[in-house]
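Heads up: the structure comes next, in structure tokens.
The values are calculated or read from the model by the stated rules, or taken from the named source; none is laboratory data. Computed from a predicted structure; not experimentally measured. No Cβ is skipped: glycine too gets one built from the backbone with ideal geometry, and neighbour counts run over all protein chains shown.
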């Protein structure tokens, strides 16, 4: 059993300034720190086992945090999914536990390998299971990401009794060239009351450059994820198009935030499948948000909608793609803009990027944002971990615990 590092147990405790309800405080915990100077933890995202369920008979939620190791001397060279688990709301953590057989690398006769990455676990209430979705990635014999490769939405189900994950399966998409490279990497899904799932994905033909995004309506019976239909296909002509979409519902409408190389985008729709025109994210004064070439995710409270993101202009030119600090701000759902006065730092910057993260509703009283200090840096030597370390980074795995002043009625 691993205890939280006492020096970081309460790194930050502050109330959002000049914000309308709902108010909140943030407790910043460190789940893990330190690394071997060759690999580092990335993509920590948490799933919840709700209390009083077949998966968790205890009185408090169980939290399962998935993450994996990245090789520092490479680009997106990932290894097997691991997890930490807490049964006392983050006071202590058990792990990390590796899952190489179910969620590791698969070797092929030609020396290539493929794996699952960009995983996000989330409780599926209708089936009473913790379902993790992500995507596959293929590596050459010399351990580089293949430039032209197939890609699939991969998924796995957690067994709370054995604390193991099921062997990775792929979601079957329509047999069309544009879906030959299609994945749900680092996306945030929305589960409908009837148990069907709105799963954002991004896709292209394997040799194409331009990515498009859409939302797939899926059925899930606790074991198998099945495609039903997909909605509006969205892209923009800039660079690689749109990727890493995340969806939420607020005030009777669905909101989709999307990644682009040059700017972050947003779209709104009425049914979760069909969306209007995508537009760049801006502050409420009309100025660009400044977020680009990385993901953003939603924090959704019954009394307010929030965006978590990174951006330029925060004295952070030394951070790769300005991916730190991690900000949170309230969104005006009518104008679909970020309210500048409500912006605050959720996770501080210590020289390492924080752009790959997850959001989890742990209880009506708490929403967690989990992220790790990714120990790569800017050119000319992006693999020199000593650069972020010189600013204080130590591959910390954070849980930024948003504690609501009023319970979140969207969470049971």
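Summary of values
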quantity: Hits in the stretch 377-405 (condition: surrounded by 14 or more Cβ atoms within 10 Å (Cβ to Cβ) and in a helix (DSSP H, G or I)); calculated: 387, 388, 389
quantity: Only one of 205, 238, 233 that is surrounded by fewer than 18 Cβ atoms within 10 Å (Cβ to Cβ) and in contact with a strand residue (DSSP E or B) (Cβ under 6 Å, 6 or more places away or on another chain); calculated: 233
quantity: Residue match in the stretch 274-287 (condition: in a strand (DSSP E or B), surrounded by 21 or more Cβ atoms within 10 Å (Cβ to Cβ), modelled with pLDDT of 95 or more and in contact with a strand residue (DSSP E or B) (Cβ under 6 Å, 6 or more places away or on another chain)); calculated: yes
quantity: Pair list, Cβ under 8 Å, 6 or more apart: the stretch 141-156 residue free of Cβ contacts under 8 Å to residues at least 40 places away in the same chain, other residue loosely packed, with under 15 Cβ neighbours inside 10 Å; calculated: 141/110; 141/111; 146/140
quantity: Some residue of the stretch 39-53 being in contact (Cβ under 8 Å) with a residue 24 or more places away in the chain, assigned to a loop (DSSP other than H, G, I, E, B) and surrounded by fewer than 16 Cβ atoms within 10 Å (Cβ to Cβ); calculated: no
quantity: Members of the stretch 69-85 found to be over 20 Å from residue 123 (Cα atoms) and surrounded by 15 or more Cβ atoms within 10 Å (Cβ to Cβ), listed by number; calculated: 69, 70, 71, 72, 74, 77, 78, 79, 80
quantity: Selection count where residues are under 29 Å from residue 403 (Cβ atoms) and either assigned to a loop (DSSP other than H, G, I, E, B) or free of Cβ contacts under 8 Å to residues at least 40 places away in the same chain (or both), scope the stretch 84-117; calculated: 6
quantity: Options 110, 88; residue that is modelled with pLDDT under 95 and surrounded by fewer than 16 Cβ atoms within 10 Å (Cβ to Cβ); calculated: 110
quantity: In the stretch 164-178, the residues that are crowded, with 22+ Cβ neighbours inside 10 Å and not in a loop (DSSP other than H, G, I, E, B); calculated: 165
quantity: Options 209, 279: the member that is under 22 Å from the mean Cα position of the chain (by Cα) and more than 22 Å from residue 122 (Cβ to Cβ); calculated: 279
quantity: Strands (runs of 3 or more DSSP E) contained entirely in the stretch 294-359, each with at least 3 residues that are closer than 22 Å to residue 261 by Cα and touching a residue at least 12 places away in the same chain (Cβ under 8 Å); calculated: 304-309, 326-332
quantity: Flag for residue 408 being touching a residue at least 60 places away in the same chain (Cβ under 8 Å), within 30 Å of residue 53 (Cβ to Cβ) and part of a loop (DSSP other than H, G, I, E, B); calculated: yes
quantity: Among residues of the stretch 179-194, those that are part of a loop (DSSP other than H, G, I, E, B) and either closer than 18 Å to residue 137 by Cα or in contact with a helix residue (DSSP H, G or I) (Cβ under 6 Å, 6 or more places away or on another chain) (or both), counted; calculated: 5
